Amino acid sequence: MGVDLRQVLAGILTLTMFLMLGHMIKRDHFDSVQEKFPGPTKEVTKVTTIRSLHKKGDAALKNDVQELKQCWSKPEFDEGQQSKGYVTFSLTDGPEYHVSQIADAVVVARYLGATLVVPDIRGKKLGDKWNFGDIYDVEKFIGSLDGVVKVVKELPSEISPRKISAVKVPNRVSENYISEHVEKIYKKSGSIRLATFFPSVNMKKSTTSSNGDSVPCLAMFGTLKLQPEISEVIESMIERLKTLSRKSNGQFIAVDLRIEMLGENGCQEASGTKGCYTAQDIALFLRKIGFDKDATIYLTQPRWDNSLEDLKDLFPKTYTKESIMPADKKAKFLNAESSEYEKMIDFYVCSQSDIFIPAISGLFYSNVAGKRIALGKNQILVPATIQESTAPATKFISSYIKKKNHLAYSCFC
């Protein structure tokens with residue numbers, strides 16, 4: 001029988017709760033861990049509805065997508081405070097990190113009165129490097145920050161990158177931190193190269209600048225726009241998934257399940273806790289909360305792996321990128337040098353899916369959740385090991401949504 005999910009509250013954890021993607025939360029149910037992380041909370045009255053597929057396939061997921069409006073205004077910049085120095089930085093580790101790195105760079109540059117240089121994009125391997133314009137719209141980035149902070153496409157030729165001082169700042173850097181640890185270096189060097197790090201100790205503190213959330217809200221949700229070719233690939237994949245989901249009114253589930261992450265961190269259970277979930281775990285979880293074989297599932301796993309067969313046995317309409325991407329785009333977006341493109345595709349497909357299920361907890365999960373809030377999509381189910389034959393799906397609504405506030409919710413209302 002079908003399962004109705006009701007009263008899904010639209011708040012999400014503040015960005016101060018983000019965990020590094022590599023540090024898996026060791027709990028049987030992700031929700032129980034998140035509640036231990038301190039941070040501002042607020043009651044949320046907005047609700048959304050999800051209906052899972054009936055076993056006979058005669059009903060479909062129902063998304064009551066709510067139109068959200070930005071709750072912040074574009075801050076003004078005093079040109080009299082403009083200095084002669086520059087702030088440079090790189091985007092690294094995928095789109096879930098990019099939004100935070102941009103927000104921190106904008107906050108730092110604005111506080112210092114410095115000119116921000118459009119970043120490059122770097123992968124994990126030495127030499128993996130892309131221009132910002134290879135993936136994102138440069139003009140959109142610069143235009144969105146007009147009047148907030150001065151932005152240039154390149155560092156002036158007379159300034160040697162080798163003479164620029166490197167400075168590390170914690171994610172969601174505060175004005176106090178900039179004043180105490182960054183400003184002196186900037187004034188001495190004239191320009192700085194910024195790198196954001198994500199220490200857990202920083203995540204235990206709620207730090208906001210005196211400018212409120214307007215600057216990070218703008219930087220996170222108003223600066224990035226994908227290049228048209230990448231957008232077209234993502235849109236074609238989503239349309240393909242909707243076509244394959246015709247028995248469920250064109251609605252599909254996205255699951256963040258990557259075999260290499262499961263292998264690196266392990267999904268072993270110890271003392272009743274579990275850090276992540278395998279394909280078999282996800283298959284049993286979905287079946288026990290009421291989804292049937294007609295449910296269409298997208299996996300972030302890049303290529304098909306034999307370990308996914310348990311999921312496909314119960315849910316035949318389970319796909320990875322290689323099976324739904326347009327054939328003429330695979331050479332560019334599915335080769336050894338295109339890992340950054342693949343991360344982009346996963347991030348935006350998961351953000352736009354009808355239901356999102358994180359098999360792994362981490363920053364990807366958190367920032368996909370934030371992106372979904374901005375899009376008015378609040379349907380996130382957190383997996384768990386279910387002993388009984390069936391269970392109410394309402395039991396597995398993430399506390400990211402249920403109980404905590406997220407910067408995305410402070411940005412949109």
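The values are calculated or read from the model by the stated rules, or taken from the named source; none is laboratory data. The shown structure was predicted, so the numbers you read here are calculated from the model rather than taken from an experiment. All Cβ positions, even for glycine, are placed from backbone atoms using ideal geometry, and neighbour counts span all protein chains on display. Surface accessibility is based on the protein's heavy atoms, side chains included, excluding ligands, DNA and RNA. Shrake-Rupley method; radii C 1.70, N 1.55, O 1.52, S 1.80 Å.
Entry comment: accessible area of the range 281-331 is 39 Å² per residue, from protein heavy atoms only and a probe of 1.4 Å.
Highest mean first, what order results for 88-101, 132-145 on Cβ atoms within 10 Å?
Working: 88-101: 21.8, 132-145: 17.6.
By packing density, highest mean first, the sequence is 88-101, 132-145.
Shape summary: the range 291-374 maps onto an equivalent ellipsoid whose semi-axes, from the alpha-carbon gyration tensor, are 20, 19, 12 Å in decreasing order. Is the C-alpha gyration tensor of the range 69-195 telling us rounded, prolate or oblate? Criteria: a/c under 1.5 is rounded; beyond that, a/b larger than b/c is prolate, otherwise oblate. Cα axes put the range 69-195 in the rounded bin. With just the Cα atoms defining each centre, how far is the range 296-340 from the range 140-171? Give it in Å. The distance from the Cα centre of the range 296-340 to that of the range 140-171 comes to 37 Å. Taking every Cα-Cα distance in the range 90-138 and sorting them into 10 Å bins starting at zero, the pair-distance distribution P(r) comes out as 25, 52, 22, 1 percent.
Legend: residue pairs Lys69/Lys317; Lys242/Lys293; Lys225/Lys247, Cα-Cα distance threshold 26 Å; pairs beyond threshold, Lys69/Lys317; Lys225/Lys247. Here the range 85-203 exposes an accessible surface that is 48 percent carbon and sulfur, computed with a 1.4 Å probe and the other protein chains kept in place.
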